[in-house]
1. I'm told residue 106 meets every condition in (1) touching a strand residue (DSSP E or B) at 6+ places or on another chain (Cβ under 7 Å); (2) surrounded by 11 or more Cβ atoms within 10 Å (Cβ to Cβ); (3) not in a strand (DSSP E or B) except one. Can you identify the failing condition by its number?
2. Of everything in the range 325-350, what is in contact with a strand residue (DSSP E or B) (Cβ under 6 Å, 6 or more places away or on another chain) and closer than 19 Å to residue 117 by Cα? Give them in sequence order.
3. Identify, from the list 137, 152, 130, 92, the residue that is at pLDDT below 95 and within 36 Å of the chain's Cα centre (by Cα).
4. Please go through the range 335-350 and give me each residue that is assigned to a helix (DSSP H, G or I) and either at pLDDT below 95 or within 26 Å of residue 130 (Cβ to Cβ) (or both), ordered by number.
5. Please enumerate the residues belonging to the range 312-331 that are within 21 Å of residue 281 (Cβ to Cβ) and in contact (Cβ under 8 Å) with a residue 12 or more places away in the chain.
6. Being within 30 Å of residue 167 (Cβ to Cβ), part of a loop (DSSP other than H, G, I, E, B) and touching a residue at least 12 places away in the same chain (Cβ under 8 Å): is that true of residue 130 here?
7. Counting just the residues of the range 226-265 that are in contact (Cβ under 8 Å) with a residue 12 or more places away in the chain and farther than 30 Å from residue 116 by Cβ, which one comes out nearest to the chain's Cα centre (by Cα)?
8. Can you tell me how many residues in the range 241-290 are surrounded by 11 or more Cβ atoms within 10 Å (Cβ to Cβ), in a loop (DSSP other than H, G, I, E, B) and modelled with pLDDT under 80?
């Protein structure tokens, strides 16, 4: 076998393959031998038809079988010899097969990026404050007052005025709490939980930012474009929802997304997609380096949680995910969460 491999941009490789005529003859002989055992040719018993008649009746089928054999065989050999880690299936073109010139084809494949891991332990991060401000508690209490307001007629006038309840224990009881102090405590607790969640999310963003800044590498364009299309579809769905709400308020007004806005949406989606694909491969590479993976018992426990949440059995949840090709994505997300927990544990947080 002769082959040449070229490394292209964005993790793409192209290669050309050729086999001499004698290899094609060997493969065809083997295929016709198998066809001859079961072929039905008029005037001959099964398994007795001569080769020339088999070629006359089954040449197309024979060539297809040879291609089914030779393309995967040669492709696998090239992947192994060049130590390539492919993503998806190869694009095969210019396939030629005959006993005079032999067998040849061209193909291209995208591969996993080569990442030189560095500086992922001991990342310096800054944690946002989770201190609840009194002014935020007051703002939340005012919102609750607004929800419990009512309109009363103005004395000597047709219009009504909004009346807000007093901030006292009675107000707290109406809101479902023992007294005003308990209401304030609940608001503080709720605000603190939200601040903690925002702070953790911000730390994770900082981790990804620092990893992306420290490692420069190319990624498969097909994956980036696929993720970009998904993000654009999600954005379009949100836009349509907002347009539907606006049309209720102004039925005669037309809502059109300007060309410049569409272009900006596409550009932002591409940037976000590129970031997400790069982050995925970095976390994947760290998981390999640190031997971080999801154990079967961890997956079972998570599926049990989902089963309880959706009032289904664990097996039903698993079957649903497998049917919709969601199991692999779930495992990857769980593993990435473990990788992020590991990175945060190793980080230096101020």
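The values are calculated or read from the model by the stated rules, or taken from the named source; none is laboratory data. The structure presented is a predicted model; accordingly, all values stated were derived computationally and were not measured. Note: ideal-geometry Cβ built from the backbone for every residue, glycine included; neighbour counts use all protein chains shown.
1. So the condition that residue 106 fails would be (3).
2. Hits for the range 325-350 are 347, 348.
3. 130
4. Those that are assigned to a helix (DSSP H, G or I) and either at pLDDT below 95 or within 26 Å of residue 130 (Cβ to Cβ) (or both): 336, 337, 338, 339, 340, 341, 342, 343, 344, 345, 346.
5. 330, 331
6. In short, yes.
7. Restricting to residues being in contact (Cβ under 8 Å) with a residue 12 or more places away in the chain and farther than 30 Å from residue 116 by Cβ, the top hit is 232.
8. Qualifying residue count, the range 241-290: 2.
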